[in-house]
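Here is the structure we will look at, set down as structure tokens.
The values are calculated or read from the model by the stated rules, or taken from the named source; none is laboratory data. Predicted model, so just to flag it, every value in this text is computed and none were measured. Ideal geometry is used to build each Cβ from the backbone, glycine not excepted, and the neighbour counts take in all protein chains shown. Accessible surface areas use protein heavy atoms only, side chains included; no ligands, DNA or RNA. Shrake-Rupley method; radii C 1.70, N 1.55, O 1.52, S 1.80 Å.
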Amino acid sequence: MAQPHGNNPFDQQKQIPGVKHVIAVSSGKGGVGKSTVAVNLALALSKKNKVGILDADIYGPSLPRMTGTLNQKPVINEDQKLQPLVRHNLKLMSIGYLVDESAAVVWRGPMLFKAMDQFLRDVNWGELDYLVVDLPPGTGDVQLSLAQKIPVSGALVVSTPQNIALADVKKAVDMWDRLGIRRLGLVENMAWMVNPVNGEKIQLFPKGELDSYANSKDLRKLAQIPFDPSVSMASEAGMPIVESHSKGEEAKTFFALADQIRELLPLIPAVEGP
Ligand code: ADP
């Protein structure tokens, strides 16, 4: 991880005005369902709270497609701030609104730091209970930049169950520990698949040592999400599963995850007047 110049880069940390909690959603590997978890969690939280989602996955922004907002452009308001888009009561911002979907983003560290600064400071997020940040996979400049710029309330790590993914989970956990950011827990995605013929569980990916590792690190498993084509079809259609099948099992899992997040990161009630 590149260190920008200066004595202690964490001195730059400044809260985003009006935003109570920032939740980082991370993964060691790409393709494990991090964005799927981030957007469905944000939507589940938004049923009871004021929520925004920042798609900071600069190498593969998927929020525009997943929320049916492809080709839309955020407007700049009179204060020269970017106005987030709003879908299903959720405020949205993504690098995908600003660069072409097929354009490769080839940025050096300092440019990433600048881009993150704009996403956090130059977006009119307004009052939010939770800002969910969907990070790129791995442990790089975007993660470091986020940690240095704002106080992050906690981080989720998303993984699939097999040992090939575990090595990268360990790196993600190690990164949050080094950055001094509280780990909220682990979300195991594609944990199994239900055989449509007999209802039995099929282990799509072999179960590895994820559970024993998580136990050894005091990393709580907050949710297990099965592989279900309805999850990917919903995302593809721009209407994530929490919205498209809000009474289904997967949506219930995301609502339960949201409840756990509310418990782990309670909102401080407003001070009563005299
Ligand atoms: P990441 O952000 O980790 O790269 P994505 O969230 O983009 O991963 O997911 C990768 C692909 O897997 C997408 O097509 C997504 O719809 C699909 N997917 C993710 N989770 C599930 C699931 N539980 N069941 C079915 N498909 C899933």
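Would you mind checking 34/247; 47/201; 50/149; 29/221 for any pair whose Cα atoms are more than 25 angstrom apart?
Check vs 25 Å cut-off fails for 47/201.
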Grab the Cα-Cα distance for residue 124 and residue 170, subtract it from 0.36 nm times how many residues apart they are, and report the gain in nm with one decimal. 13.1 nm
What percent does the relative contact order of the stretch 1-123 come to when contacts are Cα pairs within less than 8 Å and at least six residues apart? 24
Put +1 on the Cβ of each Lys and Arg and -1 on the Cβ of each Asp and Glu in the chain; which of 255, 64, 196 then has its Cα farthest toward the positive end of the dipole? 255
Within the chain, longest stretch free of exposed GluC sites (Glu not before Pro) [DSSP loop, at most 13 other beta carbons within 10 Å]: 1-77
Run the dipole for the chain about the Cα centre, Lys and Arg Cβ at +1, Asp and Glu Cβ at -1, nothing else charged, and hand back the magnitude in debye, nearest 20. 240
For the chain, percent of DSSP beta bridges that are antiparallel (nearest 5) comes out at 15
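Based on DSSP loop calls and a cut-off of at most 16 other Cβ atoms within 10 Å, the longest stretch of the chain free of exposed chymotrypsin sites (Phe, Trp or Tyr not before Pro) is what?
108-274
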With the 8 Å Cα cutoff and a minimum separation of six or more residues, the chain has a relative contact order in percent of 26
Accessible-area composition of the stretch 1-141, carbon plus sulfur, in percent [1.4 Å probe]: 50
Specify whether the C-alpha gyration tensor of the chain places it in the rounded, prolate or oblate class, a ≥ b ≥ c being the square roots of the eigenvalues: rounded for a/c under 1.5, otherwise prolate if a/b is larger than b/c and oblate if not. rounded
